[in-house]
1. When the chain is fully extended, how far beyond the present Cα-Cα distance does K58 get from K96, taking 0.36 nm per residue of separation?
2. Taking 22 Å as R0, compute the FRET efficiency from the Cβ-Cβ separation of A84 and K49 and round it to 0.05.
Amino acid sequence: MAPTTTTTTTAPKGKVGRPKKTSGTEPTRRSTRTITPRTIFSESAGVTKPRAAPRKRKTTVKDKVVGAAKKVKGTVTRRPAVKAAGTKKMRGTDGKGSRKAKPIAKA
């Protein structure tokens, strides 16, 4: 009976995993939006939890119209802060209505 030999092939160094997709001169784009956990210091040290979503309120048609006008004004006058304020107004994240009135104490 003739001796049998077995050979194993290994991938070259650096060629492990899926092959890269290349599309000519187009650069590879990756998302820059990541959720960074924040550390809460309490009895148990180093507990992390994801950031909370921004508080939003119900926007009215008036809010949308005023926000769009502010956004256009900021675009025309080249003032990014005014444009951003218009966007926040339209989305309901401008902070209006975030503070509650203190209850009146009865004597």
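Readers should treat all values here as calculations from the given coordinates under stated rules, not as data from a laboratory. Because the structure is a prediction, the values reported are computed rather than measured. So basically every Cβ, Gly included, is an ideal-geometry build from the backbone, and we count neighbours across all protein chains shown.
1. Working: separation 38, 0.36 × 38 = 13.68 nm, distance 1.05 nm.
My answer for the length gained is 12.6 nm.
2. Working: r = 28 Å, r/R0 = 1.26.
Plugging the Cβ-Cβ distance into 1/(1 + (r/R0)^6) gives 0.20.
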